[in-house]
Structures are given as C-alpha cells and as structure tokens.
Amino acid sequence: MISRIYLIRHGITEGNQKMWFYGSADLPLAKEGKARLAHLASKGIYPEPEDADLYTSGLTRTEETFGIIFGDRPHKEIDELREMKFGDFECRSYDELHGNVCFDRWIEDTEGDVKPPGGESRQEFAERVSKGLHKLLGLHRLKELSHRHSGKDAVSIVVCHGGVISAIMGELFPQEKKNIWDWIPGPGFGYCIEFENGDPVMYEKINEIKKLGFGLMRPPMKGDEIDIEQMKDMVDVFMDNGYTYFDTAYVYMGGKSEEAAKAALVDRYPRSQFQLATKLPTYSVKKLDDAKRMFETSLKRTGAGFFDFYLLHNLDRDNNMIEDPLGVWDYLKKEKEDGRIVNLGFSFHDTADVLDKILEAHHSDTDFVQLQVNYADWEDEKVQSRKCCEVARKYGKPIIVMEPVRGGSLGNLPEKVAKIMKDAEPDVSLSSWAMRYAASVDGVMTVLSGMSTLDQVKDNVKTMENFKPVTEEEKGLIEEVKAELAKTPLIPCTACRYCTDGCPKKLNIPGFIHVLNEYKLYGYKEVAKTNYQWTIDGGIASDCIECGACEKSCPQKINIIEEMKKTAELFD
C-alpha cells in the first residue's frame, strides 16, 4: 500500500496580483486564476480524487479551486489550515505599509513572536498549522488502517494556502533546512508527500509538465541535415496536445540539435509555453572557461534566453563531479541565481552506489536527475534502473526518464517475443508498452522519447493521452516478455575486465561483447551500431591482432577473438 498526502495551493486571486498581505480576508479567485487552474487541470497534473479523502481550508479561494479541479465531490474543512491572519495589514502591499512603525517592527522580527495589530504572530501561525497538520495526519492514518487489508493506496488531498503549505513542509522535512519562501509553491501547484509507517519519507513537486518529453537526439533527417520542416510539424502536434518539455544537448549532432530547437520551437512559440533542457558535457571541460563558453554557446544556438532544465551530462564513476576542483557546480548555481537556469540537475549512466555518492555530495545543488529507465533494464545489474530510481527517491529528486524504449529496441522485439504483447493488445504498439511502464514508475516527472517521425509523435501522444499506470496484470505480461528474452543464449561475459589489462590495442572488450549481446537479444542493428560507437574507448574491434592475451585471462573461457571478428564485421 502506498500512502500519500497531496497539498495544493489555491489559484491566483486579486491579492496575488496586487502583492497584498492577505490571509483571513476571504478573497475569491481572479478570472485569470480560474482560467489558469482549468488549464492545469486539463493537463492532468492533479491526483485522481477517486477513493481519496478530500479537504479544504474552507475559505472561498480554496473552495473555488477545489471545484475547478475536483468538481462538486464531498469534502471536509480543516480550518486550522487557513492562511496567516495579518490583522490590520490585510489586503495591503509592502509599499503601502513600509514606514509604518508596527509593520516595520513585525517584518523585521527574527524570533517570530511579534503580532500585526489584530493578527497573529508567525509563531502562533506555525502552532495553529501544526495542530491542523496533526489533525490531518490522524485522519490520514485512519485512511491507511481502512486500506491495510485491501492493498488500496491511502490518499488524502488538501487544497489550502501557500504559507500553510510552507509551514507543513518545514515541519515534515526539517532536514532540508529551507526557509519559508523556498517551500511556497506557485498558485495551483504544491507537493505530494509519501509516508511509510506514519513518517514522511519523500516528497515531489506537483508541476505542469506532462508525462511525455520530446528528445531531440534523433531528429528527422533529410540526407545529412535535420529536416526542419518535418520537425516543425512534429513539434506542432506535440504542443497542440499539451506537451511542452523538450530535451537537447550541447554535443547532439555537433550542435545541430540545439540549432534545430531554435528553428522548430523557440522561434515559433512564446517562451512561456514550453520547457527547454540542454546539457553540459562535463567530460570535455578542462577548465572553467570551457564550461562558461559551452553554456553561452548553448544559449546562442537555441536562442532560449534561459534554460528551464540544465544538466551536467553523463555523470558516472569516472566523471562524477563530486570533488569538482574547477568549480563548475558553483558556476552553474550562480547562473541559476541569475535566472538563466531554472532547474539544475544531471544525467547519469552507472550503478546506484555511484549515484548515491553524487547525491550525498550535491543533494542541495540538485533539483532533478535523468536516469535510464525501462522494463528491460529494471533489474539489470549494469544499468540498475530500479536501484537508481530508489536512490533518487531517497533524496527526494524527481526523475526524468531517458531510453524508455532502449534506443528503439523495445519497439522492435523479435517476432516470438512481440507476439506476447500483440496477442494481448493487437492495436497497441510495442513502444507504447515501454513508454507506459517507464511513466508508471514512482517519482517520474516526464519520459523522454527520441522521436524521428511524425507517426512516432502521434503514437506517443496517443499512449500518454489520459495516461493510466500499468496494471498488475500488465506487469505480469511484461515479465513474460522479459522471461522470453532471457531464453536467448548470450555470451557469458561478466565485465570483470581481466581481458582488457593485457590487450595491446586497449580494446573495450566487455563493452563490445555487451553490444553483441544487445544485438542478439533485439536484432536491431541500427541501435546496436550506435551503442557500439559510444562504447569505443581506444581501438575498434577490427584493430584486434589475435594475440590471444585476452582469452588466456578470461575466467569464462570466452572465444574473444571470434567475438571481436563478429563485432568488426557487424559494426566497423
């Protein structure tokens, strides 16, 4: 059973628009606030209210917000979760009040015990909210108990206020050491808090990014150039269906991917209507000026003005950025402070223990992580999708999924394996199974798909429309697919790397064998060849001189020379 409480802030009011102090004043939603909430609700960002316990603070703005999001469903009020009482300062702005002796004394109070005339102190407010929180936790505990035998999730949803949400998050997660302003979500947004044995263990932000992101690593091509006109059509279909997240990188196609993002997206849509992510190749940074130059180049190529998401690209045990003697993290944090980066994170390709070390060192600097997640790699000991996701959740970091279809391999399964899925859902693509599986993982913000054709965009949009997580029955069917794939005889390489120590040509033999095994499993040569190019770290397979040093040191007694010949024939 999963146990969650959602905290949602009410929509925009006149008080928000005029930057008033207001709490007990019972303001309704502004026209713009209602429209914005309806827009967010249409994007499917809010939890399903079915079988959830529902609450508001009882004030008009929370009731109206609740109605727009959840309709006229029955719900209860917790009036201790109303906003702070500002007394004589209600519905007045800082500019209006500054210079008032009582106001200045209150605003400068560091202890939290000064009251506005006719209002309550910050300490009194915190105590009241804490009382309301414990009432909510008690009710939620009853929800958990009522579901303990059925296995159903225990869910409570509360529509309340920014200051209240900040106070609750500060009490539940004191280890975060955030100030009250850091916790306050925007109107219509909030948090999902997960509990285990009554204790809060992690949280996620409620945001407006839908579960499908457009990866620009494999754009449509016309000869050697990106087909910009086709890409425009793909972007239009994607955007028309409410999807707004786009992902590129400094190194993709030598910079052409970032330039294509400008031509197909940035130059054609208002900047507020999409989120753009790109990446810094830290493995190529030799001095801090390199990082600065690459960041400025990405801004120039995309014309974006700022990046909603900026990533350190491809961190692993060798390129982990934990020590960071060049000060790249500090430089990027400064760009974030200056508003040219909104969210800072990194993409990762390695095992969970390495991810844990990176997040332990840079937990406070990291807003999100990008991980390889798909059903084939979920329990794979090299990729460790499940374990990496658990580490991200441990640190409360939202996950952006890459390679959900494993570079296209899970959309091109061998006929015998594909039949399992086709018999169950004849009209559903193989790729859609993989996309839904990845999107169903807890903590996932969005799932990137490197789409190359308009049909792929349409198929993914269809898959994610009114998204529903994979069911237990569907998970069982996916396990059947994995079991069938596991029957394929593979080269028994354990990646011990004994073979590489004495190789005079410094071949990445375990990497090449891994690519061969991928090809054996899925039969998708185009993807295997791309993976082979990424695996080269020294010589290529055809450089093998057949000296036999590798075979003498191989504990598995693999005929490595023969496998290198196969690799060269397929991919060199």
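Tabulated data for the structure shown
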| read-out | value |
| --- | --- |
| Residue that is out of contact with any Pro (no Cβ under 7 Å at 6 or more places or on another chain), among the charged types (D, E, K, R), assigned by TED's automatic domain parsing to the domain that holds VAL401 and part of a loop (DSSP other than H, G, I, E, B), where the choices are ASP442, ASP455 | ASP442 |
| ALA541, sole failed condition from (1) under 41 Å from the mean Cα position of the chain (by Cα); (2) small (Gly, Ala, Ser); (3) surrounded by fewer than 20 Cβ atoms within 10 Å (Cβ to Cβ) | (3) |
| Lone qualifier among VAL401, VAL417, VAL354 - being part of a helix (DSSP H, G or I), among the aliphatic types (A, V, I, L, M), out of contact with any Pro (no Cβ under 8 Å at 6 or more places or on another chain) and modelled with pLDDT of 95 or more | VAL354 |
| Members of the stretch 35-63 that are touching a strand residue (DSSP E or B) at 6+ places or on another chain (Cβ under 6 Å) and buried (at least 21 other Cβ atoms within 10 Å of the Cβ) | TYR55, THR56, SER57, ARG61, THR62 |
| Residue check, MET239 surrounded by 16 or more Cβ atoms within 10 Å (Cβ to Cβ), part of a helix (DSSP H, G or I) and touching a Pro at 6+ places or on another chain (Cβ under 8 Å) | no |
| Check on GLY99, modelled with pLDDT under 95, out of contact with any Leu (no Cβ under 8 Å at 6 or more places or on another chain) and assigned by TED's automatic domain parsing to the domain that holds PRO49 | yes |
| The stretch 68-102, residues that are aliphatic (A, V, I, L, M) and either under 17 Å from LYS18 (Cβ atoms) or in a strand (DSSP E or B) (or both) | LEU97 |
| Residue that is surrounded by the fewest Cβ atoms within 10 Å (Cβ to Cβ) [pool: residues in the stretch 1-34 that are of a type in the set (Lys, Arg) and outside any loop (DSSP other than H, G, I, E, B)] | LYS31 |
| Verdict on PHE103 being of a type in the set (Phe, Trp, Tyr) and farther than 30 Å from PHE467 by Cα | yes |
| Per-region count, the stretch 317-351, residues surrounded by 15 or more Cβ atoms within 10 Å (Cβ to Cβ), under 17 Å from PRO281 (Cβ atoms) and not aromatic (Phe, Trp, Tyr) | 14 |
| Sole residue being crowded, with 16+ Cβ neighbours inside 10 Å and either assigned to a helix (DSSP H, G or I) or in the same structural domain as GLY33 (by TED's automatic domain parsing) (or both), chosen from ARG128, ARG105 | ARG128 |
| Scan of the stretch 365-421 for residues that are closer than 26 Å to CYS493 by Cβ and of a type in the set (Lys, Arg), ordered by number | LYS382, ARG386, LYS387, ARG406, LYS416 |
| Exclusive hit being touching a strand residue (DSSP E or B) at 6+ places or on another chain (Cβ under 7 Å), closer than 28 Å to GLU204 by Cα, assigned by TED's automatic domain parsing to the domain that holds ASP199 and crowded, with 17+ Cβ neighbours inside 10 Å, set ILE78, ILE68 | ILE78 |
| Single residue of SER385, SER409, SER347, SER431 found to be polar (S, T, N, Q) and touching a Gly at 6+ places or on another chain (Cβ under 7 Å) | SER431 |
| Selection from the stretch 335-363 of residues that are within 16 Å of the chain's Cα centre (by Cα) and within 15 Å of ASP318 (Cβ to Cβ) | PHE346, SER347, PHE348, HIS349, LEU355 |
| For LYS211: the one exception among (1) touching a strand residue (DSSP E or B) at 6+ places or on another chain (Cβ under 6 Å); (2) of a type outside the set (A, V, I, L, M, F, W, C); (3) more than 30 Å from TYR250 (Cβ to Cβ) | (3) |
| Selected residue (only one of ASP240, ASP153, ASP182 is more than 30 Å from LEU276 (Cα to Cα), modelled with pLDDT under 95 and under 24 Å from the mean Cα position of the chain (by Cα)) | ASP153 |
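The values are calculated or read from the model by the stated rules, or taken from the named source; none is laboratory data. Note that this is a predicted model, so its numbers are computed, not measured. With ideal geometry, Cβ positions are generated from the backbone for all residues, glycine too; neighbour counts draw on all protein chains shown.
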